[in-house]
1. Could you tell me whether segment 66-77 includes any residue that is farther than 20 Å from residue 194 by Cβ, out of contact with any helix residue (DSSP H, G or I) (no Cβ under 9 Å at 6 or more places or on another chain) and in a loop (DSSP other than H, G, I, E, B)?
2. Counting just the residues of segment 54-72 that are more than 16 Å from residue 4 (Cα to Cα) and touching a strand residue (DSSP E or B) at 6+ places or on another chain (Cβ under 8 Å), which one comes out surrounded by the most Cβ atoms within 10 Å (Cβ to Cβ)?
3. Of the residues 208, 152, 176, which single one is in a helix (DSSP H, G or I) and free of Cβ contacts under 8 Å to residues at least 12 places away in the same chain?
4. Six or more apart or on different chains, Cβ under 8 Å: which pairs go from a residue in segment 213-226 that's on the phi > 0 side of the Ramachandran plot and buried (at least 20 other Cβ atoms within 10 Å of the Cβ) to one that's modelled with pLDDT under 95 and assigned to a loop (DSSP other than H, G, I, E, B)? Could you list them?
5. Test residue 109 against the criterion of being at pLDDT below 90, over 25 Å from residue 34 (Cα atoms) and part of a loop (DSSP other than H, G, I, E, B), and give yes or no.
6. Looking only at segment 235-253, how many residues end up being surrounded by 11 or more Cβ atoms within 10 Å (Cβ to Cβ), more than 16 Å from residue 224 (Cα to Cα) and out of contact with any strand residue (DSSP E or B) (no Cβ under 8 Å at 6 or more places or on another chain)?
7. If you go through segment 27-39 one residue at a time, do you hit one that is surrounded by fewer than 18 Cβ atoms within 10 Å (Cβ to Cβ), out of contact with any helix residue (DSSP H, G or I) (no Cβ under 7 Å at 6 or more places or on another chain) and closer than 30 Å to residue 235 by Cβ?
8. Out of 166, 216, I need the residue that is in contact with a strand residue (DSSP E or B) (Cβ under 7 Å, 6 or more places away or on another chain), more than 20 Å from residue 81 (Cβ to Cβ) and assigned to a strand (DSSP E or B). Which one?
């Protein structure tokens, strides 16, 4: 059985006078992808911010056998990396953008990146399928939305983090780009023996690419388990408050969710 790289225990969090998460608990096993699903406003993106303690939070987040929140920022950045929902169109060379992920490894007096840093960046550009670009000439603002997401994933990989947190990496992308990015994420998670937590709106894509699902509703944990355990008709109808039909994918038998119009 794969060891658990990150465990969230009784996590509660929220914004000043606003939305709150309450008593969320789950673990991320090595080599696995856990999808976070749920209705709009359920707290999916808030959960990622709370894990990184970018908002006030209580509870405990364990990084293997250590307290993630007690780690020095530099050490925490080497263990956990985040990829935002959208990447700003920066007039910045692709190489410089990806090398930002090496910041946790630089000494305070180092003004430039080492040759090893650049080799690491090139390796991760290859892993994410961006090696056909000249990284010193191609700028971030010249990339498509899907390519910018892949660049952000390459930057996160340069942190050599064991845990990846991704906030809707396939948002606003066409189906081909969605599948390509999720394949990259799956391959990287398995090859690097990492653990990935990914927020997704598309239940069927989550079912196809994730090992486990965490479903949130109104800031609370509505369900957590395998894809087959979570994608049950009565459970999903209650969570999403809409009539549904559950079928099976003709190729692999994975549950598929259809709305009833």
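The values are calculated or read from the model by the stated rules, or taken from the named source; none is laboratory data. This one's a predicted model, so the numbers in the text were calculated from it and none came from an experiment. Cβ: placed from backbone, ideal geometry, glycine included. Neighbour counts: every protein chain shown.
1. Within segment 66-77, one or more residues are farther than 20 Å from residue 194 by Cβ, out of contact with any helix residue (DSSP H, G or I) (no Cβ under 9 Å at 6 or more places or on another chain) and in a loop (DSSP other than H, G, I, E, B).
2. Of everything passing the filter in segment 54-72, 57 is surrounded by the most Cβ atoms within 10 Å (Cβ to Cβ).
3. When all the criteria are applied, what remains is 176.
4. Once the first residue is on the phi > 0 side of the Ramachandran plot and buried (at least 20 other Cβ atoms within 10 Å of the Cβ) and sits in segment 213-226, its partners that are modelled with pLDDT under 95 and assigned to a loop (DSSP other than H, G, I, E, B) give 219/19; 219/42; 219/43.
5. Yes, satisfied.
6. Count: 0.
7. yes
8. So the residue among 166, 216 that is in contact with a strand residue (DSSP E or B) (Cβ under 7 Å, 6 or more places away or on another chain), more than 20 Å from residue 81 (Cβ to Cβ) and assigned to a strand (DSSP E or B) is 216.
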